[in-house]
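Structure record follows, encoded as structure tokens.
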Amino acid sequence: MTDVRTVSETDFEGWLRALNTGFLREPGPNEDQIEAHRRQCVSSRMLGAFDGDRCVATFRSFAQELTAVGGAFVPANAISNVTVTPTHRRRGLLTRMMSRDLAAAKERGDVVATLIAAEYPIYGRYGFGPATWTTQWTVEVPRAGLDPRWSGPEDGGRIDLVDGEELRKLGPELHERVRRAQPGAVSRDELWWQKITGTVLFVKDWTEPFFAVYRSASGEVEGLVSYRSDDNWHDKQPHNTADVSWLLATTPAAEGALWRYLCSIDWITKVKSGWRGPDDLLPFFLPDPRAARVTDHADWLWVRILDVVRALEARTYEGTGSLVLEVVDEGGLAGGRFRLEASPEGASCTPAGGAAVDLTLPVGELATVWLGDESLVRLAALGRVREEREGAARKADALFRTSGRPWCPDIF
């Protein structure tokens, strides 16, 4: 029988080879990759499935903080590096690793588990639900209607290019301010900044990006962007693309200035936005918003509730009301009947015993609405949530929905 166990030092290179194989990358890691992953995995929970001495499935989780509605950070069990080698599919290896990891997360006291799903159908059966969505735009710069003479912000701010060393100094503090205001955002550790600036190399073909910083008139850092560009000419005419890896800003002024900067770079005729929030302001910074075409839209951060009481009490609510929820959890980690009493002043969630139920919903659907992005009325119409009292879904929407949509800027 295939053995599922914690990965030891002697297993590490075999585990990494299996990881590369599962993601269809060149199997054999080089020394830089081995060292980078070893640093990443120091504080991780690494599992592997082993057929004899050969690793045939990989799984890793690590400590994370997730921003709830209202700005509270909740402890999360972040899951990544999930693969099963093609020769060992459909043998229950992922289920064994997932069950072991989620049970440990529950025992540790994590409120939720998180992941970015490579494939949609896999993770619902483990109690996860898509909690944030993301959109990519491609801006056709000549159509945007921007003044080609634009040479910088008109609000007294400025934009400067910086190198990786400077970014590692400026980025963490800015990110902390951004994630406090953005439901769905996750924490970044020091290794994250080292990875994106090339100090630690996880891939063989890493190339240095450009980094630009926006400073307000008072000199405060309010925005950062990382991007790369290609070199594409036809008939002596430039057709180059600025490809944004990520853009963070604490104010609309900073965000708009960085987008206008990208569209003003000589020879750039297209800007690819990278993964943005689905209600991002980008198109409306342009005189002609149609110049920004949606080129991708997909689910992004998936959440699994591990502690219903703490999850519902951690977030804020824009309305006032009371609901009794019957949460169905086939994994046996977070099910039960709960009474939620919520108002803009705070919330309490308690076991409800024999109280009459308003809504019955699987734990994955609770995760889908927890960050405020999905409608319980829609889920009821789809048969994914059951109303036990008429109008309960609409009543719940008034509590759970938020004026702004959640967004996770990161992939992990």
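The values are calculated or read from the model by the stated rules, or taken from the named source; none is laboratory data. What you are looking at is a predicted structure, and each value in this text was computed from that prediction instead of being measured. Backbone-built Cβ (ideal geometry, glycine too); neighbour counts: all protein chains shown. The protein model used for the area step is the full one, side chains on, heavy atoms only, and it has no ligands, DNA or RNA in it. Shrake-Rupley method; radii C 1.70, N 1.55, O 1.52, S 1.80 Å.
Of the residues making up the stretch 251-285, those that are over 17 Å from residue 174 (Cβ atoms), of a type in the set (Val, Ile, Thr) and surrounded by fewer than 21 Cβ atoms within 10 Å (Cβ to Cβ) are 265, 268, 269.
Note on the stretch 310-335: among residues that are touching a helix residue (DSSP H, G or I) at 6+ places or on another chain (Cβ under 6 Å) and in a loop (DSSP other than H, G, I, E, B), the one that is nearest to residue 185 (Cα to Cα) is 317.
Among the residues of the stretch 350-367, is there at least one that is of a type in the set (D, E, K, R), outside any loop (DSSP other than H, G, I, E, B) and more than 28 Å from residue 95 (Cβ to Cβ)? There is no residue in the stretch 350-367 that is of a type in the set (D, E, K, R), outside any loop (DSSP other than H, G, I, E, B) and more than 28 Å from residue 95 (Cβ to Cβ).
Considering only residues that are acidic (Asp, Glu), touching a residue at least 24 places away in the same chain (Cβ under 8 Å) and within 16 Å of residue 53 (Cβ to Cβ), which ones fall in the stretch 1-34? Before the answer, list the steps.
Filtering the stretch 1-34 for residues acidic (Asp, Glu) gives 3, 9, 11, 13, 26, 31-32.
When the remaining residues are screened for being touching a residue at least 24 places away in the same chain (Cβ under 8 Å), the result is 3, 11, 26, 32.
Result: 3, 11.
Each residue in the stretch 38-81 was checked for being in a strand (DSSP E or B), open to solvent by 10 Å² or more (accessible area, probe 1.4 Å), under 22 Å from residue 408 (Cα atoms) and of a type in the set (A, V, I, L, M), and 1 pass. No other residue among 186, 162, 225 is in contact (Cβ under 8 Å) with a residue 24 or more places away in the chain, among the β-branched types (Val, Ile, Thr) and more than 23 Å from residue 261 (Cβ to Cβ) apart from 186. When the stretch 199-231 is filtered for residues that are of a type in the set (Gly, Ala, Ser) and over 10 Å from residue 157 (Cβ atoms), the ones remaining, listed by number, are 212, 226, 229. Which one is surrounded by the most Cβ atoms within 10 Å (Cβ to Cβ) among residues in the stretch 133-164 that are touching an Asp or Glu at 6+ places or on another chain (Cβ under 6 Å) and under 30 Å from residue 369 (Cα atoms)? Step by step, filter the stretch 133-164, then rank; the result is 133. Only a single item in (1) among the basic types (Lys, Arg); (2) at pLDDT below 95; (3) touching an Asp or Glu at 6+ places or on another chain (Cβ under 9 Å) is not met by residue 39, and it is number (3). Residue 10 satisfies every condition listed in (1) surrounded by 12 or more Cβ atoms within 10 Å (Cβ to Cβ); (2) part of a helix (DSSP H, G or I) except (1). You will find that of 91, 100, the residue that is of a type in the set (D, E, K, R), in contact with a Ser or Thr (Cβ under 8 Å, 6 or more places away or on another chain) and closer than 20 Å to residue 125 by Cβ is 91 and no other. Taking the criterion of being among the aromatic types (Phe, Trp, Tyr), open to solvent by less than 10 Å² (accessible area, probe 1.4 Å) and not in a helix (DSSP H, G or I), would at least one residue in the stretch 293-309 satisfy it? The answer is yes, given that some residue of the stretch 293-309 is among the aromatic types (Phe, Trp, Tyr), open to solvent by less than 10 Å² (accessible area, probe 1.4 Å) and not in a helix (DSSP H, G or I).
Does residue 380 qualify as being assigned to a strand (DSSP E or B) and over 25 Å from the mean Cα position of the chain (by Cα)?
no
Suppose the filter is touching a His at 6+ places or on another chain (Cβ under 9 Å) and in contact (Cβ under 8 Å) with a residue 60 or more places away in the chain; does residue 131 pass it? For residue 131, the condition - touching a His at 6+ places or on another chain (Cβ under 9 Å) and in contact (Cβ under 8 Å) with a residue 60 or more places away in the chain - is not met.
If only residues of the stretch 228-258 that are touching a residue at least 60 places away in the same chain (Cβ under 8 Å) and either more than 21 Å from residue 163 (Cβ to Cβ) or part of a loop (DSSP other than H, G, I, E, B) (or both) are counted, the one that is nearest to the chain's Cα centre (by Cα) is 250.
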